[in-house]
Structure formats: C-alpha cells, structure tokens
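These notes are about the structure you will find just below.
The values are calculated or read from the model by the stated rules, or taken from the named source; none is laboratory data. Since the model is a prediction, treat every value here as computed from it, not as a measurement. Note that each Cβ is placed from the backbone with ideal geometry, even for glycine, and that neighbours are counted across all protein chains shown.
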Amino acid sequence: MNTATTFLNPAALMRIKSLELRAKVVVEGLWKGMHRSPYHGFSVEFSEYRAYVQGDDPRYIDWKVLARSDRTFIKKFEDETNLRCQLVIDHSKSMGYGSQGFTKADYAATLAATLASFLMKQGDAAGLTTFAEGIEEHLPPRNRPGHLRRIITELERPAKATGTSLSVSISQLADLLRRRGMICLITDLLAPIEHLEKQLALLSAMGHDLVLFHVMDRAEIDFTFEKSAHFRDAESGKERFIDPQAARETYLKRLQTHRDHIQQSCDRHRVEYHWCPTDKPLEEVLFQFLSVRQHKKAAKSSARRAA
Amino acid sequence: MNWLFPLYLAGAAAILAPILLHLRRRPPQERVEFSSLLFLDAHTPVPVSKRRLENWLLLMLRCLALILLALMFARPFLRSESTTTASADRATLILIDRSASMRRDDLWKRAIAEAKRTAQSAKITDRVALAVFDQKLTPLWSFEQDRTAAPSRGAEISTRLAAETPSWSATLLDRALIDAIALFGSSTTSLQKHILLITDLQEGTHLDSLRSIAWPSDLRLQVLRLDPATADNFSLALAASEQDGSKEALIRLRLSNTRDSALRDFKIAWQNAPKADAIAAQIPPGASRIFTAPPNATQATTLVLSGDKNDFDNRVFIAPPQPRAVRIHFLGDDTTRQEAASPLYYLARALQPTATLAPELTASLSLPVQNPDILFISGRTPAVETHTRLSDFLQQGGFLIHVVTSPDDEVFLQTLTGNKDLTITEDRSDDYRMLAEVNTRHPLLKPFADPKLRDFTKIRFWKHRVIQGLKASSSLETLATFDNGHPAIISTRIGKGTLIVLASGWHPGDSQLALSTKFVPLLYGWLAAAGFSHDPAATLLVGDSLPLDAAQAHMVIDPEGKSHSLKAGESFITTQIGLHQVQTGARHQIIAVNLPPDEGRVLPLDPQKLADYGIKLASAAETASAPSAAEQQRLSAIETEQRQHAWWWILVILLAVLLLETALAGRSRHSAVAQSA
C-alpha cells in the first residue's frame, strides 16, 4: 500500500496549530477512508454480518452488500465500552528534539490526541499520563463529554522536566493504574534498556495490554550531520565534541542494537511495538495500530471458539 | 608593460592576508542540540591551524582580486613602438589666421610676432612649419623645407611672414585644420605633433566641418587667441536688393551690434554723399536691424558705416545698375509700330527696358548692316537673295524667330534647315485651335517650368499654318503642338544660332497670344536663351568666383586696379572687397564683391569650444615651454596611459572577480547552513 500518497504528510499536518484540529483531521480522514476503503470490516468494533430480520433497525443494513448480492445484511458492531486506554506520554527534554520543523513531542502529542479522539469517538475511555523524571500529570481514563478537551489541553502544555526516568515513572504508574486496561506508551526510549525491560515486565504482569509507540526523529535514525560540532545532550546538558563522519557508523550500530533489544523485550513481554519515525504519517500509525488490534481480536475470538 | 605608479604594486603583497586566513582554521564553534548522547563517543577537537588550504577556489579569487586592485592602482600601460621611439622633439605647425577680422587693431602684428617667437624658440632638432589660412590653407614653410634648412629657419619664416597681409576672406578654420593635418608628412612621424593656432577666434569662425573628421590622437592643438583692446563692433552687410524693373533699386542693409557693446550711435551714408542723405540712428548691443539704404543722389557705389573703431566691415559695395543692351530687329515695316493689328505693335510694347536689360527694337524691311542679337520675322517672307545672309546670321550664333504666315515661307525654311521635305500649307478649318502639348522642359520654354504657369487654355489660335515633313529632320524639335496635332512652335540649332518657327503669329489676326499673360515671359525666355538673362546679379562675397561666361575670354580689373586676363574656361576667385570690372569682348560689367557677413561677428570664442569638436587641445603642462627630459617622459607616459585606459579594463575584471567571489562564497555558506540544519 502506498501510504505516502493516501495519507497526510506529518510536516503538513503539523502546520495546523490547534492540536485538537490536528487530531480531528487524522481521525476524520481515517474514519472516512475506512468507510470508502476495501478494508471496510477492520474496525475495532466490527463484529460480523448478519441476515436482516424484521424489526432490525434499517439504518444498519449494509447497502453495498445488498447491491452486490441482493441480500439484506446487517453490520454488527461489538460493544467495547469497557476498554480503558491510558495514554502515557514521555515529556522529557529529549522529546523536544526535531529536525523537520516539528519536534518528537509534537508528534507524540498529535498521536496521543488522535488516539484519544478516535477511542472516545467509538465510546472508549481514554486517560493521559505525562512523565519525565517522574509522573507529571495524570488524567484517569474516562469517556465523558469534555474529557477529550482536558486531555488535549494537557497535551498542549510544554514539557518542563529535563531528564527521563522511565523506571520511576512506570513504577508510579503501576500504582496509579489499578484496573486493567490498555496502556499506550509514547516515548523515544532514549534511556538504558535494562530498566525498561523490568518495567515492561511489571506492567505486563499486572495484566495491562501494553502498546509501545517508539517515536524517533529522522536525524536520530540516520544521523545525517556533516560538520564537527559540540553536541549537547538535551536532557543532561552535557557537551561532547563529535565528528559526525567518524561517529556515524558506531552510532547507527549502537542504535540498531538498542532497537533490537527493545524489540526483543517487547516480544518477550507481549508488548505491541510500533515504530514511529516522525516522518511517518499518523494515519498510517493509527491504521497499523487498528489492524494489529483486529488481528489480536480475531486471534482471541478463534482461541475462544476453540476453547 | 610599464607602470605609472609602480609603488602600488607592493600592495599585491596583501594577498598574504587571505592565504593566512584560509590556512587558519577556526575550531568549530557550533553547538548542536541533540536529543541524547547515549550512542555517541567524544572526539578530540581538531587543531586550530592545519596545513591543508580550504576553499582554494575562493582563496584564489580573493588573491586575484587583491592583485588586480594593486595592478589597477599601479596604472599599467603598453609603450607602443611609436611612443617608445618618440623623442622630446616637436613638430610644430604655426597656423596663422589672416581672415578679414585680423585687420582689427594690431592683431596681425601680434600674430606675426608670436609666430616668429615660436619659430625662434624651437630647437634645431624640432621641426617647424608655417601656414596661413582664411578660406583656404596656404602653406608658407613646410616641414620638408625645415628639415633641409633648419638653421636658416628664423630668417626664412620672417621673410615669408613679412610678405603676408590679412585678406578679406571669411575664417574657415574647420577646412584649414583638416588640411593642416595632411601637412604632417612622413618627416614628422617620430615627433610630437603640435599645431599652434594663432587667431582671433571670432564668433564668425566656421567650425562645422570638424564634426566630419576624426582628429588624430597624436596631434595636439594649442590655441593662441589674440584679443583686441575692444570687441565692440558694428557690422554692415547687404540683406537684399530689389531691382525689379526700376533703375532706383531698393537696397536693404543688415546692421548688427556686438553683445555687451558700449557702442550705440551709428551713421550710414553713401560715400561722398551730402550729409542730409545719411541715416543716423542708434542700435542697442546684441541687436540686428534691417535698414533701407539712404537715397543715392550721387550715384555712389559704396555705403559707409561709421560709429565704431573697426573699419574692415563698415563698407558695402553696390554695383551701379548696368542694363545690358539687346539689339532686336523686326524685319518689317517700321510704320506699323503704332498699328494695333501688326505684330510689331505688340513686340515694341512687350520689350520694355528693365534694370538688367535694355532692349533696342529696330524695324526695317531690310536687314541692318550690323547683325542684331535677335531677329524677328513675321508677316513677310524674306526675299530669296537674303536667305544666304540669314543663314550666315544663324550660323554665327544669331537668334531668329520666324512666324510662318504663308505657304511661300516653305522655300525659306527649307533653305535654312536643309530639310527639303518641309511643306507649309494654310489650315483650312473654320474652328479655332488651342495649344495641346507644350514641352515646358525645353530650355526655350524655361519660364513655364513652374507648373503654376502652365495653363495655356486661354490662348486661342484663329489661324495657323500646317508645317509637315518634320520627321525627316531629327534636329527639328516640336516645342508645342495644336490640339489637331500640327506643330505650333518648332525650333532647331543651326550652326551656333537658334531658329524658332511659329505656325501662328501673336498678333490678333492670328491668335490671342500677344494679349495673353504668356507673351512677355515667352519673349524674355527667348532673350535669356539668346544669352541676355533678365536675372539680377547675385550678391558676391569674397571667395566666390565671378559669374563669367566660360565660352569667352575676359579681362578682370580688381578693386586695386590690377588687371587679370582670363582665357575661356578660366574662373576668377575674388579675394578683395570692392567693385570688379569685367570686360568681355565689347561688354563692360561691374560686379560688387562684399565682405562675408560672418567676419563681422567678432566676439571671441572660448578655445575650449574646439574640444567639443573632438580636437585634442594641448594641456597647460604641454604648453609650458621646454620641459625637462624626465618630465617629458613622465608626461608622455601619462598621456599614453590616459589613451590606453588599461586600468579601466582591470577594474572591469576586478568587479567580475568580486562578483564571482561573492556568488561562490554565498553558495558555500548556504550549503554549510543547510548542512548544519
């Protein structure tokens, strides 16, 4: 599938000032696209087609199926109101880096707003937690009018903290989230991997459905710098003189190792991992997320049927 | 390659600065914000300077710019062959104005003194030539003569100058300078060419032709303007004279006063005329007025203006009226002169004396003893025995107008023209005839050349004779035909003379021709064709040639009383003002020649005006006498450099290099910024 042509370019999307509007653009686009696309049934809620019987609401008749097969079918939706999704956003200084006119934090906020908007639009509850050195803000998952607005206001607030302490934050989060639900962790994961695995294991063990969105800037992925300069760590403020041409190879190798480790940890703890370079269209990320959910659900229901 | 200021070349050493700057490498000052240094190791910063040159193209351009700047200030020039060999010796042409305006004050004496001084101060290795000019250039001492007789130069030039006096001509400085360029021959190629112009450079000097030439780059003109004590002057010139028909010609004069002149009062009078006849009036400075000449009671020929100091332009010569006698004979009865039906009646009234012509009309039945200038025959066929004499008359240049009145004229015309086919018959038709085709381009019908005068429709011919058999003789030309196609006027040249044959007479019995407005012009046209022009004499100025008949020999007596005999075809160019007497055979003519009016405009011009015509004037430094050899060389170097303008080209290249450098630097900076982003 050629996503580049069908989805909105993130750089163009980020030009929209209002985060709410941005989220709306992505969700609406996907929503409309889904109804027009051949992936019609891959919705979170779609359950099955059923033959129409008298007394059914004619609004749910699938007119296209009727047109194709001359049969009246009703589209059935699975009720998922019990889904509680906590969006956990990394608010550390490293997220403030961006080479394409917008930062990783912008991208993460838009992604979070999109997810929240999408989930709440289909009746799920969404909450928000921002963290840096520790938990900064926490909004428990709700599905009330105005809740989305609060989430978005929170997302628009700039990051204050400097460092990242994933371990501290996640242990605090584990205390806060007592009820099982889905946790969407949106972060750049620029921290030593050892701590991460422990925390993922903890959350997974608590029965949470974990989804990890790994946000990285293109400059971080490819390390496209040319000139030697003093590179300053955004979080610690430390400076190091670096000749990028000499350092690139090592950097790329280490980054790959880091990503491999994350991938392995995620696999190990059944964490859904999404690789999100900031130049990847948000619709695509959302679409992937939804399709993975659909597969999981299908797998679950077949397992259930087998049982 | 030579340098005007070689010291500036040291400035090229400044290229060291960009080289050093390029060698020096700043440690990277840039700070780059990055998300995390987790995967990065520190490197040691590079040393401050390194041996490798960066941006060598940019460096090269910068060095080039500095070198060009130094070169530009050093003012380079190429010493060409001629300038290298050019010595400090000069070739000076002393050009003295001898036009009429140099007659003022002691201008001529001063001019001669200046010329002598210059000739004497010249070194023996210098070349000096001398020429005077007014309307034309007259070389007196050439460079070639100077080369062979340099030691006796001073004496020779003095002798030649002593023989010269100011002329009466106009100042054609343009033509003189153009001719003077040619005087610098091969003997002066290696010398510094120089013209010393000694003139009063008055306003009336002609300069226009100078625009048509390119002044040689190696020739300098030094103007030595001689100013008289005062430039205030009245000048008098002939504006127009009307001599139509009357002996008392109306003469108009133009009187001018110079700008800022202190003069006001003037008096114009005929020479030796009584005081009462003079015009005494005032004219403001800078004004020009037209006056009618005072009455000429004494038949004087010179009008004299008085009131100013300068006498040279105060006289206007007017030739006395000299009507030319034309002997016209009518072959017929003189008693018919008063008969309105006879042709003679109309001829006698048409041929009235004018200011230029005095026709004497005689009439008799036989030819006069002395041949007349023009002979008319009408209403009578000449007897056969007179045919030979009439034929001789024509052969010798006579002018015969013959009106065919009867078929008996056939034999006469056959004898004259030698055309035996010629027949004459009486036209029998009842209807009148008009002129249909008139060859107005023919010299004999010259008065009708103007299309406004070509209307012949009011002339009716009651009777005419039919002349036939013309085609056989090609010499017979038909000047006009009737509307029935028969010839009306034919003519032919016989020997030196002219024969005109009319098919119908002018008297009322034949036609309305004599009563029409065309008759008198027609007669005077024939008079003019016979050599008796009615046109008034043109006003002549000094330098014009006298209007002489090229076919005849003349004797000219100039105003000074010197006589010049001229052969046929020779012309006489006037050099003096006054009355010239011309004797042509028996005819005596007086022609007035006046001063060119431009000579009267005596206000001095600024010598810088000559520079406007592209002439290279000598600078003050060059006019300074005898500069030292080193100074000479320096001056010549400056001159060569100024001519070549090499620094200008260097400046253009420098600007191009700087532009390129800017573009290149901008581009590299742009790419650097893009990279760091």
Is there a residue being basic (Lys, Arg), outside any loop (DSSP other than H, G, I, E, B) and under 30 Å from B:Leu344 (Cβ atoms) anywhere in segment B:305-327? yes
Only one residue in B:Leu78, B:Leu66 is modelled with pLDDT of 85 or more and over 30 Å from A:His258 (Cα atoms), so which one is that? B:Leu66
If we only count strands (runs of 3 or more DSSP E) wholly inside segment A:211-280, which ones have 3 or more residues that are facing chain B (nearest Cβ under 7 Å)? A:229-233, A:239-242
Looking at segment A:119-133, is at least one residue within 14 Å of chain B (Cβ to nearest Cβ) and surrounded by fewer than 21 Cβ atoms within 10 Å (Cβ to Cβ)? no
Some residue of segment B:312-326 being surrounded by fewer than 21 Cβ atoms within 10 Å (Cβ to Cβ) and of a type in the set (Asp, Glu): no
Condition first: without any contact (Cβ under 8 Å) to a residue 60 or more places away in the chain and under 30 Å from A:Gly101 (Cβ atoms). Now tell me which residues in segment A:193-223 satisfy that. A:Ile221, A:Asp222, A:Phe223
Those residues of segment A:217-250 which are aromatic (Phe, Trp, Tyr) and closer than 29 Å to A:Pro10 by Cα, in sequence order: A:Phe223, A:Phe225, A:Phe231
Wholly inside segment B:442-531, strands (runs of 3 or more DSSP E) that include 1 or more residues that are more than 21 Å from B:Ser391 (Cβ to Cβ) are B:465-468, B:477-482, B:487-494
Take A:Glu194 and tell me if it is acidic (Asp, Glu), assigned to a helix (DSSP H, G or I) and out of contact with any Asp or Glu (no Cβ under 8 Å at 6 or more places or on another chain). yes
Which listed residue is within 14 Å of chain A (Cβ to nearest Cβ), more than 58 Å from the chain's Cα centre (by Cα) and either at pLDDT below 85 or crowded, with 20+ Cβ neighbours inside 10 Å (or both), from B:Leu20, B:Leu40: B:Leu40
Return the residues of segment A:144-160 that are surrounded by fewer than 17 Cβ atoms within 10 Å (Cβ to Cβ) and in contact with a strand residue (DSSP E or B) (Cβ under 9 Å, 6 or more places away or on another chain); say none if nothing qualifies. A:Arg144, A:Arg150, A:Arg157, A:Lys160
Do you know which of the residues in segment B:389-411 that are closer than 12 Å to B:Ala503 by Cα and touching a residue at least 24 places away in the same chain (Cβ under 8 Å) is surrounded by the fewest Cβ atoms within 10 Å (Cβ to Cβ)? B:Ser406
Unique residue being surrounded by fewer than 19 Cβ atoms within 10 Å (Cβ to Cβ) and touching a residue at least 24 places away in the same chain (Cβ under 8 Å) when the list is B:Arg153, B:Arg147: B:Arg147
Considering B:Ser571, B:Ser565, which residue is touching a strand residue (DSSP E or B) at 6+ places or on another chain (Cβ under 7 Å), polar (S, T, N, Q) and assigned to a strand (DSSP E or B)? B:Ser565
Take segment B:272-328 and flag every residue that is over 29 Å from the mean Cα position of the chain (by Cα), over 23 Å from B:Val542 (Cα atoms) and hydrophobic (A, V, I, L, M, F, W, C). B:Ala273, B:Ala276, B:Ala278, B:Ile279, B:Ala280, B:Ala281, B:Ile283, B:Ala297, B:Ala325, B:Val326, B:Ile328
Looking at A:Arg248, is it at pLDDT below 85, over 21 Å from the mean Cα position of the chain (by Cα), under 30 Å from B:Ser671 (Cβ atoms) and surrounded by 15 or more Cβ atoms within 10 Å (Cβ to Cβ)? no
Show the residue pairs meeting these rules: Cβ distance below 6 Å; 6+ apart or different chains; first residue within segment A:93-113 and in contact (Cβ under 8 Å) with a residue 60 or more places away in the chain and more than 14 Å from chain B (Cβ to nearest Cβ); second residue of a type in the set (D, E, K, R) and part of a loop (DSSP other than H, G, I, E, B). none
Can you find even one residue in segment A:146-156 that is over 17 Å from A:Leu173 (Cβ atoms), touching a residue at least 60 places away in the same chain (Cβ under 8 Å) and of a type in the set (Val, Ile, Thr)? yes
Criterion: in contact with a Gly (Cβ under 6 Å, 6 or more places away or on another chain), surrounded by fewer than 19 Cβ atoms within 10 Å (Cβ to Cβ) and closer than 22 Å to B:Tyr524 by Cβ - qualifying residue of B:Lys452, B:Lys458, B:Lys446: B:Lys446
Inspect segment A:172-192 for any residue being farther than 30 Å from A:Asp124 by Cα, at pLDDT below 80 and within 14 Å of chain B (Cβ to nearest Cβ) and give the result as yes or no. yes
For segment B:372-397, give me the residue count where each residue is on the phi < 0 side of the Ramachandran plot, part of a loop (DSSP other than H, G, I, E, B) and in contact with a helix residue (DSSP H, G or I) (Cβ under 8 Å, 6 or more places away or on another chain). 2
